[in-house]
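As structure tokens, the structure follows; a few thoughts come after it.
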Amino acid sequence: MDHDDPAEALTALRERRPGLVEILQAAAGSGLAAYAVWALLLQPGFRRVPLRLQVPYVGASARQVEHVLSLLRGRPGKMVDLGSGDGRIVLAAHQCGLRPAVGYELNPWLVGLARLHAWRAGCSGSVCYHRKDLWKVNLRDCHNVSVFLAPSVLPLLEDKLQVELPAGARVVSGRFPLPTWQPVAVVGEGLDRVWAYDVHGTGPAVPSCGVPIKAIPKSTSTSIPRTVV
């Protein structure tokens with residue numbers, strides 16, 4: 001075979017079985033590439049956050065966004081998404097009438113991506129995305145909150161929500177429920193499941209909008225009697 005022929009050389013390379021060393025090198029290279037993406041895109045800002053409070057980014061699915069909106073649609077007052085990622089929940093909330101809608105995200109790359117999505121949707125001047133640690137956000141004027149966070153931080157989040165949220169506020173948690181609060185409604189199945197919680201406390205009450213939670217088919221939701229948080 002003439003090895004100067006590119007076509008023949010490519011054919012021979014495809015037919016040759018890789019050895020163990022080559023497989024290990026490829027695996028190592030893939031791992032380094034994945035780490036590089038994490039370090040450049042997802043890690044900035046995390047170095048300032050204690051390890052136990054760090055939450056990896058996993059974008060919400062279309063079904064998860066739909067379920068969040070089904071539990072918040074029609075409610076008055078400010079809506080915030082804590083750890084808003086690429087901003088899809090905030091943008092969808094604004095488009096369905098939840099206003100103002102605000103996202104808080106520590107990663108600057110994701111904040112930029114969220115603003116790009118808002119601009120492409122023609123909502124860049126209407127929705128707000130802030131680069132800020134969610135643990136430093138003051139929630140006293142927030143009446144609708146969505147969170148898609150890791151189970152390890154939810155107990156601490158409960159304390160923050162209970163202290164800061166006004167009476168009548170609603171919290172919707174995706175993928176994982178709040179560990180000790182009792183939900184007023186559950187929608188979806190598996191990783192698409194979301195839980196709604198109503199806050200009862202001494203803070204300023206949000207005015208009633210008279211819009212109940214929409215009925216969801218039994219196969220995708222579970223209604224739970226209201227209890228005091």
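Listing for the model above:
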quantity	calculated
Rounded accessible area per residue of segment 144-197, 1.4 Å, Å²	31
P(r) tail fraction, segment 71-164 - alpha-carbon pairs more than 19 Å apart, %	37
Net length gained if the chain between residue 167 and residue 66 were fully extended (0.36 nm per residue, minus Cα distance)	33.8 nm
Ordering of 67-73, 153-159 by burial proxy (mean other Cβ atoms within 10 Å per residue, highest first)	67-73, 153-159
Packing-based order for 138-149, 178-189, using average beta carbon neighbours within 10 Å, highest first	138-149, 178-189
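The values are calculated or read from the model by the stated rules, or taken from the named source; none is laboratory data. Fair warning: this is a prediction, and the values are worked out from it, not measured in the lab. Don't worry about glycine lacking a Cβ; one is built from the backbone with ideal geometry, like all the others, and counts go over all protein chains shown. SASA here: full protein model, heavy atoms, side chains in, ligands and nucleic acids out. Shrake-Rupley method; radii C 1.70, N 1.55, O 1.52, S 1.80 Å.
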